[in-house]
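Structure first, commentary second.
The values are calculated or read from the model by the stated rules, or taken from the named source; none is laboratory data. Since the model is a prediction, treat every value here as computed from it, not as a measurement. Virtual Cβ from ideal backbone geometry, glycine too; neighbours counted across all protein chains shown. Accessible surface areas use protein heavy atoms only, side chains included; no ligands, DNA or RNA. Shrake-Rupley method; radii C 1.70, N 1.55, O 1.52, S 1.80 Å.
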Amino acid sequence: MDTNLFWWINRFATRTGWAHGFFTAYANYGIVLFAALLIATYLGARHHGDLRALVGSVWAAAAALIALGIGQLIGGTIDRVRPYEAVSGVHLLIARASDFSFPSDHATAVGAVAVGLLFTDKRWGTIGAVLAVAMALTRVYVGAHYPSDVLVGLALGAFVAAGGVYVVVPQLTRAAAWINRTAVRALVSCEPRATDEI
């Protein structure tokens, strides 16, 4: 079923040449949009002195890195080859990679960012979730991954981000509150302290 679904999506690329430029660019560089979402959430939270949202954006970024590390361990163990190396006739729109196919690094990272932001800011998190699904689809469309590669990547990233909301975020929130009382409070808030307004 995984291979059949891959063929259905990948062969769709043969009939949509007009979209190749967009999908290829997004598959390769769309990750930049997730960095922009993280920065926008962080700066917005800092501007409003919202420690909860600020910590959430920091955790979403950290969750992506942690999930990628776990994905590397899983991928190195399973060592699944890319679809274009396993079968012939794949419609490949991007440069060949030398690493494993399962799980997808791109899907893992964006899954973590999207879910981390969903717990932080529903607006940015919803945008992130839509963009994450689009990233997963484009990675299959361009021939880089099987559907299971991206689905597991999204799930791995989401699991790490969601788990950390309950385990890591409370600790980070306490740390941010402490920083907010120090000389480097500008890292977490632009809002003046009550004593600064007197």
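Filtered by the rule that a residue be open to solvent by 60 Å² or more (accessible area, probe 1.4 Å) and either at positive phi or not hydrophobic (A, V, I, L, M, F, W, C) (or both), region 21-41 gives a lone residue, 29.
Where residues in region 145-160 are out of contact with any Pro (no Cβ under 8 Å at 6 or more places or on another chain) and within 20 Å of residue 35 (Cβ to Cβ), which of them is surrounded by the most Cβ atoms within 10 Å (Cβ to Cβ)? Filtering region 145-160 for residues that are out of contact with any Pro (no Cβ under 8 Å at 6 or more places or on another chain) and within 20 Å of residue 35 (Cβ to Cβ), the one surrounded by the most Cβ atoms within 10 Å (Cβ to Cβ) comes out as 157. Within region 148-171, residues that are closer than 19 Å to residue 134 by Cα and among the aliphatic types (A, V, I, L, M) have Cβ atoms under 7 Å from residues that are modelled with pLDDT under 90 and open to solvent by 30 Å² or more (accessible area, probe 1.4 Å) in no pair, counting only partners at least 6 apart in sequence or on another chain.
Checking each residue in region 66-83 for being in a helix (DSSP H, G or I), over 20 Å from the mean Cα position of the chain (by Cα) and surrounded by 15 or more Cβ atoms within 10 Å (Cβ to Cβ) picks out only 83. One residue stands out in region 86-120 among those that are open to solvent by less than 40 Å² (accessible area, probe 1.4 Å) and farther than 19 Å from residue 30 by Cα: the one that is modelled with the lowest pLDDT, namely 90.
Per the conditions (1) touching a residue at least 12 places away in the same chain (Cβ under 8 Å); (2) touching a Leu at 6+ places or on another chain (Cβ under 9 Å); (3) open to solvent by 40 Å² or more (accessible area, probe 1.4 Å), the sole criterion not satisfied by residue 137 is (2).
Every residue, every condition in (1) closer than 19 Å to residue 148 by Cα; (2) touching an Asp or Glu at 6+ places or on another chain (Cβ under 6 Å); (3) free of Cβ contacts under 8 Å to residues at least 40 places away in the same chain; (4) among the hydroxyl-bearing types (Ser, Thr, Tyr), yes or no:
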| position | (1), (2), (3), (4) |
| --- | --- |
| 33 | no, no, no, no |
| 47 | no, no, no, no |
| 54 | no, no, no, no |
| 61 | no, no, no, no |
| 69 | yes, no, yes, no |
| 77 | yes, no, yes, yes |
| 82 | yes, no, no, no |
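Name the one entry in 7, 18 that is open to solvent by less than 60 Å² (accessible area, probe 1.4 Å), over 20 Å from residue 161 (Cβ atoms) and modelled with pLDDT under 90.
Values: 18 fails: open to solvent by less than 60 Å² (accessible area, probe 1.4 Å).
Result: 7 is the single residue among 7, 18 that is open to solvent by less than 60 Å² (accessible area, probe 1.4 Å), over 20 Å from residue 161 (Cβ atoms) and modelled with pLDDT under 90.
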